[in-house]
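What follows is one structure encoded as structure tokens, with my remarks underneath.
The values are calculated or read from the model by the stated rules, or taken from the named source; none is laboratory data. Note that the structure is a prediction, hence the values are computed from the model and not measured. So basically every Cβ, Gly included, is an ideal-geometry build from the backbone, and we count neighbours across all protein chains shown. Just the protein is used for accessible areas: all its heavy atoms, side chains included, with ligands, DNA and RNA removed. Shrake-Rupley method; radii C 1.70, N 1.55, O 1.52, S 1.80 Å.
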Amino acid sequence: MSRLLSALLCALALAGCAGDLAERVNIGSVYPDTVALMQSENMDRGAPIFIRIIKEDSALEIWKEDRTGRYRPLKSYPVCHYSGGLGPKKAYGDHQAPEGFYSVAPNQMNPHSREYLSFNVGYPNAFDRSLGRTGDSLMVHGGCRSVGCYAMTNREIEEIYGLAHEAFAGGQTAISLQALPFRMTEANMEKHRDDPNAPFWAMLKSGSDAFDATRRPPQVAVCDHRYVVAPDGAPAPGGGACSTV
């Protein structure tokens, strides 16, 4: 075989490998130990997921629906970095990571992110806009650095992205995401009762409590500059002055 032909075959092989890698990165990867965990927890790989971020714990939790229809904890990933402190994002350039109830649809996934992989959390939502809050492109992404986003390591975002991709492929149309300042216990609410954000956090607690009680993402609407929460399966809050997040 000529050297030229050998070189051509090697180039084609490398191109094929590069294409496979690009496709793998574009959809993320669910690791074998996580697949085994799904099997042990009675979960289908394509079942819906729910995301909860806890700022104070620097944790991003993935919950997944099991075959009984209830969501159970699948994995928790350390948030590598987020900027700002406890409290919601209010304005472009304040370097705060958002808090609130958000929704992630397939068109918010970015497989070509400059931060490896990313998805937009959906800030500003209807609640944020009702208060005139500004800013955009608030992401969960790789790269472990952040200005207003939630940054993960590349390995972590690859699996989180992969779990979202599989849920969308399984038929989920939007992923509910709760970004919370801390675990919404009575003790933590008492600890922060004098914080100016306490009334806002009380609204977040209602959504967190609804999920904990039913193990189903609650229905959330925005009515008169407030979050209004109804458990999953209950009629969504509505009316002329209300909109969904």
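Please go through region 67-143 and write out the chymotrypsin sites (Phe, Trp or Tyr not before Pro) that DSSP classes as loop and that have at most 14 other C-beta atoms within 10 Å.
Values: sites: TYR71, TYR82, TYR92, PHE101, TYR102, TYR116, PHE119, PHE127; in loops: TYR92, TYR116.
When the chymotrypsin sites (Phe, Trp or Tyr not before Pro) of region 67-143 are filtered for loop state and at most 14 Cβ neighbours within 10 Å, TYR92 remain.
Using DSSP to call loops (not H, G, I, E or B), can you name the trypsin sites (Lys or Arg not before Pro) in region 135-207 whose Cβ has at most 11 other Cβ atoms within 10 angstrom?
On the way: sites: ARG145, ARG155, ARG183, LYS191, ARG193, LYS205; in loops: ARG145, ARG183, ARG193.
Within region 135-207, the qualifying trypsin sites (Lys or Arg not before Pro) (loop, at most 11 other Cβ atoms within 10 Å) are ARG193.
With labels modelled as points extended 7 Å from the Cα through the Cβ direction, what inter-label distance (nm, one decimal) is found for ALA59 paired with ASN188?
0.9 nm
Please identify the helices of the chain, taking whole runs of DSSP H, that span at least 15 Å along their own axis as judged from the Cα atoms and have a mean Kyte-Doolittle score of -0.5 or higher.
Numbers: long enough: 3-27 (36 Å, 1.20); 154-169 (22 Å, -0.37); 198-214 (24 Å, 0.14).
Helices meeting the criterion: 3-27, 154-169, 198-214.
Using a 10 angstrom cutoff on alpha carbons, build the Gaussian network for the chain and name the most mobile of THR185, THR68, THR153.
Sorting by GNM fluctuation, first place goes to THR68.
For a distance above 18 Å, tell me the whole-number percent of Cα pairs in region 117-192 that qualify.
Details: 1594 of 2850 pairs.
Counting every Cα pair in region 117-192, those more than 18 Å apart make up 56 percent.
Mind giving me the nanometre distance, one decimal, between the label points for LEU37 and ALA241, set 7 Å out from Cα along Cα→Cβ?
Computed distance between label sites LEU37 and ALA241 equals 4.4 nm.
Give me the dipole magnitude in Debye, nearest 20, for region 17-142 about the Cα centre, with unit charges on the beta carbon: positive for Lys and Arg, negative for Asp and Glu.
Details: 14 positive and 15 negative charges, 49 e Å.
With Lys and Arg at +1 and Asp and Glu at -1, about 240 debye.
Measuring with a 1.4 Å probe in the full set of protein chains, what accessible area per residue, in whole Å², belongs to region 46-111?
Details: 2540 Å² over 66 residues.
About 39 Å² of surface per residue is accessible.
In Å², what does the accessible area per residue of region 141-221 work out to with a 1.4 Å probe?
Values: 3250 Å² over 81 residues.
Averaged over the residues of region 141-221, the accessible area is 40 Å².
For LYS89, go through the lysines and keep the ones whose alpha-carbon is under 17 Å away, minus same-chain ones fewer than eight residues off.
Once the sequence-local lysines are set aside, what remains near LYS89 is LYS55.
Calculate what fraction, in whole %, of the accessible area of the chain sits on carbon and sulfur atoms when a 1.4 Å probe is rolled over the protein chains.
On the way: 6400 of 11650 Å².
Accessible surface attributable to carbon and sulfur in the chain totals 55 percent.
Using the scaling law 2.2 N^0.38 Å as the reference, what is the normalised Cα Rg of the chain? Intermediate results must be reported in sequence, preceding the final value.
Values: Rg = 20.1 Å, N = 245, 2.2 N^0.38 = 17.8 Å.
Computed over Cα atoms of the chain, the ratio equals 1.13.
Top mean-square fluctuation among SER29, SER130, SER58, Gaussian network model of the chain, C-alpha springs under 10 Å?
Checking each option, the largest mean-square fluctuation is seen for SER130.
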